[in-house]
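The values are calculated or read from the model by the stated rules, or taken from the named source; none is laboratory data. Please read all numbers here as calculations on a predicted model, not as lab measurements. A quick note on method: Cβ atoms are made from the backbone with ideal geometry, for glycine too, and the neighbour counts reach across all protein chains shown.
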Amino acid sequence: MRANPSSRVFQFSDRVHELSAEELSIYRQLDPSKIPQHIAIIMDGNGRWAGKRALKRFLGHQQGAESVQFVVETASRINLPWLTLYAFSLENNLRRPKSEVSFLMKLLKNYLVGNVKRMNDNNVRMAYIGRTCDLPSEVRETMQWASEATTKNTGTTLTLALNYGSRSELVDATRAVVRSLIDEAHHRGCSLEDMLAADGLESRIDEQQITGSLYTAGMPDPDLVIRTSGEQRISNFLLWQIAYAEIFVTDRLWPDFRGLHLLEAIADYQRRDRRFGGLSESTDEAIDNLQPAEEVAEEIKDHLTPQPDPELSRR
């Protein structure tokens, strides 16, 4: 299921009075006009949280589900437009014990049933990305119900990545592009080869085509990726979309993560200098006075040409 496209932009929140005193203290230090448009979170550490307390893993997952709602409510109170949570990966589905996968599916269903009212109270809209068609039918029915029950909400869009893997997303997007081209060629009454030869391959398959075929079509790319539990990896999450996202890693395990920590991550984000491959406006280089590239190439050409080794010439 794809999130519905939206052209919503940031608006100043009128709900900051609902933040806790600690949250409000951090929020007042932020620039409200620079709140990220989209934050994605890799929620990690449920099992370790339980293990440190000599508890069974499922209790860690239960506590992690509680953290989700705490974070979502803070996100809605600061008017964060998009929040995407990596809830259940394709690899989780394939490699975790069946008993754990079954529990996670029940937890997901119970979470949706138990929190739709709170989502509506907080003006939160539900969406999903991933190969959700492979999830149990009763879970998909509940997901659809929650999506429809919150579809009129205009605040934060909460997207759950379920049975999600970024490489599989790219495969699915590529297949969708190819199918679309084949269908168009058939409609035009010509072969795919002839159509591409006439139109040009570059004009028919480009970044825009791929982006529009991803699960996240219609969503802005994440500005900030948060990873809990201290692991220094992306774990096959939104690989295309986070090309220029800022990454914030915390040692805090997901069940201990709260809205306060979301605001701390945003504060760190606002201290970053996002250049998107360019130069900072505050760079101390005199860009206008840079030596022309041709002159630089002429000056350094002798340094780039391999010089004979004197030792070899004496042998």
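Does region 25-61 hold any residues that are touching a helix residue (DSSP H, G or I) at 6+ places or on another chain (Cβ under 7 Å) and under 17 Å from residue 88 (Cα atoms), and which are they?
Taking region 25-61 and keeping what is touching a helix residue (DSSP H, G or I) at 6+ places or on another chain (Cβ under 7 Å), we get 26-27, 29-31, 34-36, 43-47, 49-50, 56-61.
Hits for region 25-61 are 43, 44, 45, 46, 47, 57, 58, 59, 60, 61.
Which residues, taken from region 108-145, are closer than 17 Å to residue 76 by Cα and out of contact with any Ser or Thr (no Cβ under 8 Å at 6 or more places or on another chain)?
115, 117, 118, 121
How many residues, within region 242-265, are outside any helix (DSSP H, G or I) and either in contact with a Leu (Cβ under 7 Å, 6 or more places away or on another chain) or aromatic (Phe, Trp, Tyr) (or both)?
Count: 5.
Taking the stated definitions as given, is residue 176 crowded, with 16+ Cβ neighbours inside 10 Å, assigned to a helix (DSSP H, G or I) and modelled with pLDDT of 95 or more?
Answer is yes for this residue.
Is at least one residue of region 224-234 more than 30 Å from residue 61 (Cβ to Cβ) and either touching a Lys or Arg at 6+ places or on another chain (Cβ under 9 Å) or modelled with pLDDT of 95 or more (or both)?
no
Residue pairs, Cβ under 8 Å, 6 or more apart or interchain, first in region 205-229 and farther than 16 Å from residue 176 by Cβ and in contact (Cβ under 8 Å) with a residue 60 or more places away in the chain, second outside any loop (DSSP other than H, G, I, E, B) and basic (Lys, Arg). List them.
Listed pairs, sorted by first residue: 229/48.
Could you name every one of the helices (runs of 4 or more DSSP H) located completely within region 14-130 that has at least 1 residues being at pLDDT 95 or above?
By residue number, 21-27, 46-52, 57-77, 98-121.
Please specify each residue of region 221-235 satisfying the condition of being part of a loop (DSSP other than H, G, I, E, B), at negative phi and crowded, with 17+ Cβ neighbours inside 10 Å.
Across region 221-235, the qualifying residues are 221, 222, 223, 228.
Of the residues in region 28-70, how many are at positive phi and either touching a residue at least 60 places away in the same chain (Cβ under 8 Å) or touching a His at 6+ places or on another chain (Cβ under 9 Å) (or both)?
Counting residues in region 28-70 that are at positive phi and either touching a residue at least 60 places away in the same chain (Cβ under 8 Å) or touching a His at 6+ places or on another chain (Cβ under 9 Å) (or both) gives 1.
I need the full set of residues from region 116-162 which are under 18 Å from residue 103 (Cβ atoms) and surrounded by fewer than 23 Cβ atoms within 10 Å (Cβ to Cβ), in order please.
Once the filter is applied, which keeps residues that are under 18 Å from residue 103 (Cβ atoms) and surrounded by fewer than 23 Cβ atoms within 10 Å (Cβ to Cβ), region 116-162 yields 134, 135, 136, 137, 138, 139, 140, 142, 143.
Go through (1) of a type in the set (Ser, Thr, Tyr); (2) buried (at least 20 other Cβ atoms within 10 Å of the Cβ); (3) part of a loop (DSSP other than H, G, I, E, B); (4) out of contact with any Lys or Arg (no Cβ under 7 Å at 6 or more places or on another chain) and name the single condition residue 269 misses.
Failed condition: (3).
Quick one: which residue in 170, 196, 181, 238 is at positive phi, among the hydrophobic types (A, V, I, L, M, F, W, C) and out of contact with any Gly (no Cβ under 9 Å at 6 or more places or on another chain)?
238
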